[in-house]
Each structure stands twice: as C-alpha cells, then as structure tokens.
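This report refers to the structure that appears directly beneath it.
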Amino acid sequence: MALSLTAVPDLARRRAARALDETGLMCVTFLEGIRRTWDVRQWWGEFIEQCWFLARVTSVPVMLIAIPLGATISLQVGDIARQLGAASATGALLIAAMVQQVAPLAAALLVSGVGGSAITSDMGARNIRDELAAMEVMGINPIHRLVTPRLWAASTVSLLLASVVILAGTLGGYYFNVIQQGVSPGAFFDGATTLLQFPDLMITLFKAWVFGFIAAAVACYMGMNCDYGPVGVGRAVNRAVVVTSIVVFASNYVLTTIYQVLFPPRF
C-alpha cells in the first residue's frame, strides 16, 4: 500500500515532465518553421497546394456549421429579448457574438478537425515511411520544406474562414430573426454598430490567424513524432485534435482578456 502511494506522485511527475518536454519541442517546431519564412521560393508551391486543400475541405463544413449556429443563437436570444421588450437588439447581440467569439473558434476547430487531422496523417505517413529521415540525409530540413508552408497555409485559411463564419452566421440569424420573428431588417443591423468597434473585427481576424498557426504546429509536431505503424498515426491524429482544442481555448481566453483591458466594451 505504501509503495502504491509513493508511486502515484512519481507517475504524476513523470507525466508532467513529459508534457513540458512535448510543449517545448512543439514550440521549437513552430519557431523553426517560422525561421525560414523569408525563403518564400522554397515553399511557395507547397503553400498554394495546402491553401487549396484546406479551403476545399473546410469551406462547406464551416458554412453548414455557422448557418444553424447563427440561427440557434438568434432564436434563443430573440425569445429572451422579446420577453424583455427589446427584440430589435437580437441582431446586435448575434453579430457581436459571431464577430467576437464564435468566428475565430469555429474556424480554428474546423481547420484542426478537418485540415489538421489530414496534416497529421500525412506527416505521420511520411514519418513511418522514413521520408523525413531521408530528407535529412539529403541535407533538406523537413521542417523548412514541409512545416513552414503548412503553418502559413493554415493561418491564411483560418483567417478567411473566420470571415465566412461571420457572414454565414449572420445570414442564418437574419433569416430566423427577421423572416420568422418579424423584426425589421433595419433594427436587426442597426444595433450592431453601437456594440461593435473596428478593433473587434481586427482582434477576431488576428485570433483566427494565431489559431491557424497553433493548429498547424500541433498537427505537424504530432505527425512527425508519432509511433510507427497505422495505430501510431491514428493516435497522433486524435492527440493533435485534442491538444489543439485545449490550446486554442486557452489562447482565446488570454487574447480576449488582453483585448478587454486595452479596448473596453461599448454599451
């Protein structure tokens, strides 16, 4: 019994140390991928290919998520606002929620769940086939050749997807709030100008851009360091999606807190 009690802290320490080691290596992978950004000619072709792939696999799912999400927010907020006699404020609250929080998180989760899983499986397949080691033998840094374009592609597509989420979510909320609940179109959009500031859009796009980097960095690291065999690749994909979600939500809290201090909300 005493042995098992002493083994628990040791196990917790080993897992904490392993988590810190992986966090450090993940940051090193990200920084090493950013370091050769200036050499655009080496990764431009791969960047275009990855942008097209990520946009192709995420554009339709993100719209299918954003439209019903905006409609759901509009229905729930509209019922409460109508009971309070402020049905015209539904549009302002919906657009503010889509711009400030929903858009960057939805874009990041789509890039991670759809594009990031594909990136992890691709890098994992290259790892178990020893392609990464072969590139190092030939004097080619696999991080510069493979990770750098994926980092910039994921951040670019995530930024664009955030705009798509805002438009699609607003469209879904407009349909249910204006057409179904009878609020005038002018009242639907009028309140948004009082709640939103221009920096709100800028911080949303910035967060989506940062979240894209996070998703790609985690996906590349997990794929390049997966266990050998198909099971190892599958576990790496699962871990990449889970870790990205945790890091994205934690980063969103930090960035939102800093933004709230620098730019207090308007009422």
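Some observations on this one:
- In the elastic network of the chain, a GNM with C-alpha springs shorter than 10 Å, the most mobile of GLY232, GLY113, GLY139 is GLY139.
- Cα gyration tensor, segment 16-85 - rounded (a/c under 1.5), prolate or oblate: oblate
- Taken one residue at a time, the phi angles of segment 157-174 give Karplus couplings (6.51, -1.76, 1.60, θ = phi - 60°) of 5, 4, 4, 5, 5, 4, 5, 5, 4, 4, 5, 5, x, 5, 5, x, x, 4 Hz. Gly and Pro are set to x.
- Computed extension length for ILE80-VAL40: 9.2 nm, one decimal, from 0.36 nm per residue of separation with the Cα-Cα distance subtracted.
- Taking segment 194-246 and dividing mean pair separation by its residue count, relative contact order in percent (alpha carbons under 8 Å, at least six apart): 31 percent
- In the context of the full set of protein chains, segment 161-227 has a per residue accessible area of 40 Å² (1.4 Å probe).
- Sequence of THR257, THR120, THR37 from largest to smallest accessible area, 1.4 Å probe: THR257, THR37, THR120
- Percent of Cα-Cα distances greater than 23 Å, calculated over the chain: 59 percent
- For the chain: relative contact order, % (alpha-carbon pairs under 8 angstrom, 6 or more apart): 30 percent
- Top of ALA215, ALA16, ALA236 by mean-square fluctuation, Gaussian network on the chain, Cα under 10 Å: ALA16
- Share of carbon and sulfur in the accessible heavy-atom surface of the chain [1.4 Å probe, %]: 70 percent
- Taking the longest Cα principal axis of the chain as reference, the axis of helix 230-262 is set at about 50 degrees.
- Bins of 10 Å from zero: percent of alpha-carbon pairs in segment 163-267: 12, 28, 26, 20, 10, 3
- One chain, two ends: PHE198 and SER184. Fully extended at 0.36 nm per residue, the span grows by 2.6 nm beyond their Cα-Cα distance.
- A Förster distance of 35 Å, applied to the separation of the beta-carbon atoms of ARG235 and ARG145, puts the FRET efficiency at 0.90.
The values are calculated or read from the model by the stated rules, or taken from the named source; none is laboratory data. What you see is a predicted model; the values in this text were computed from it and never measured. Here the Cβ is made from the backbone with ideal geometry for all residues, glycine too, and neighbour counts use every protein chain on show. To get the accessible areas, we keep the full protein, side chains included, count just its heavy atoms, and leave off ligands, DNA and RNA. Shrake-Rupley method; radii C 1.70, N 1.55, O 1.52, S 1.80 Å.
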